[in-house]
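Beneath this line is the structure, given in structure tokens, with notes to follow.
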Amino acid sequence: MRSKIVAGNWKMNKNLEETLVLLAQLSAKMGETDAEVMVAPTFVNLAQAVQAVKGSPIEVMAQNMHFAESGAYTGEISADMLLGVGIKTVIIGHSERRAYFGETDAILEKKVKAALAKNLRVMFCFGEELKDRKEGNHFNLVESQLKNALFSLDAGAWKHLVLAYEPVWAIGTGETASPGQAQEMHAFIRKTIANAYGADIANGVSILYGGSVKPGNAAEIFSKADVDGGLIGGASLVADDFNAIIQAI
Ligand code: PEP
């Protein structure tokens, strides 16, 4: 059975003090939920964030990692370093990594494999840009992102994967895919996985939607059959908003 997940990507926001305050607010205000709740603070605050959420249902995850085990990669972070501070899940392929840091499908495939080899769970992000959608190329683009980065994996790897479909035109723009557009793409993603790996694996993977999810639109997006939760940027930085989104699921 796939799980419901609400995850917050804090990006390059919140210093250590602010991180601990936000985690304390989230834990204090979080109501009952069946969903997995995860947040991704910046690297330098991960160790303290992991300690701060001990005993709460919140999981701290990482925003990125390098594919190499170790070595001369100035400024980078390895899977072992994440594991060493208690991280179990890593985001790979966020559109900002693709757009600003040149992460190609081939690099992302290496990162996914490196993370899985270390028993990290991977939250894999992908999605089309506005021009792809305008040209009617969004399904092809999404299919190629999945195939290029994930379809060389063994079937067994899929239980360690969470997918986050994030149309780039909806990230941080205030523009959201309509619930219908989200469902249409999520159903297409599940069908594409089913064609490659079979229905059981396709039905077992959680597919999150990301792109300007807010307290006001979350319930309708989450109500769609193939939407298993959300990856939340801006609204995850405000405890009341993130909690409202958690309650919406
Ligand atoms: C994101 O960055 O993954 C994201 C979905 O951001 P926002 O919610 O701010 O659009």
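Once a ≥ b ≥ c are taken as the square roots of the eigenvalues of the Cα gyration tensor of the stretch 123-176, is the result rounded (a/c under 1.5), prolate (a/b larger than b/c) or oblate (a/b not larger than b/c)? Taking the square roots of the gyration eigenvalues as a ≥ b ≥ c, the stretch 123-176 is oblate. Summarised as an ellipsoid, the chain has semi-axes of 25, 23, 17 Å, derived from the eigenvalues of the Cα gyration tensor scaled by 5 and square-rooted, with the largest first.
Students often get this wrong, so check it: of 29/191; 11/147; 29/131; 54/191; 11/110; 14/118, which have C-alpha atoms separated by over 30 Å?
On the way: 29/191 38 Å; 11/147 26 Å; 29/131 40 Å; 54/191 38 Å; 11/110 22 Å; 14/118 28 Å.
Violating the 30 Å Cα-Cα cut-off are 29/191; 29/131; 54/191.
Label points 7 Å out from Cα along the Cβ direction at residue 99 and residue 225: separation in nm? My value for the distance between the label points is 3.2 nm. Restricting the stretch 168-249 to GluC sites (Glu not before Pro) that sit in a DSSP loop and have at most 14 other Cβ atoms within 10 Å of their own Cβ leaves 175.
With coordinates expressed along the principal axes, the C-alpha atoms belonging to the stretch 1-76 extend over 45, 36, 20 Å, beginning with the largest. FRET efficiency for the pair residue 17 and residue 135, taken as 1/(1 + (r/R0)^6) with r the Cβ-Cβ distance and R0 = 35 Å, rounds to 0.15.
When peptides 185-196, 222-233 are ranked by their average number of other Cβ atoms within 10 Å per residue, the highest-first order is 222-233, 185-196. Take every pair of alpha-carbon atoms less than 8 Å apart whose residues are at least six positions apart; their mean separation over the length of the stretch 1-86 yields a relative contact order of 28 percent.
To the nearest 0.05, what FRET efficiency results for residue 54 and residue 214 with a Förster distance of 25 Å applied to their C-beta separation?
Details: r = 30 Å, r/R0 = 1.18.
Rounded to the nearest 0.05, the efficiency is 0.25.
Here the label points at residue 191 and residue 44, each 7 Å from Cα along the C-beta direction, are separated by 4.7 nm in the simple model.
Average 1/r across all pairs of distinct alpha carbons in the stretch 123-249, invert it, and you get the Kirkwood radius: 14.8 Å.
Springs between alpha-carbon pairs under 10 angstrom, Gaussian network model over the chain: which of 197, 73, 165 fluctuates most? Taking springs between Cα atoms under 10 Å, the residue moving most is 73.
Quick note: the coordinates plus some simple rules give every number you see, no bench work behind them. Not measured: the values here are computed from a predicted model. All Cβ positions, glycine included, derive from the backbone under ideal geometry; neighbour counts span all protein chains shown.
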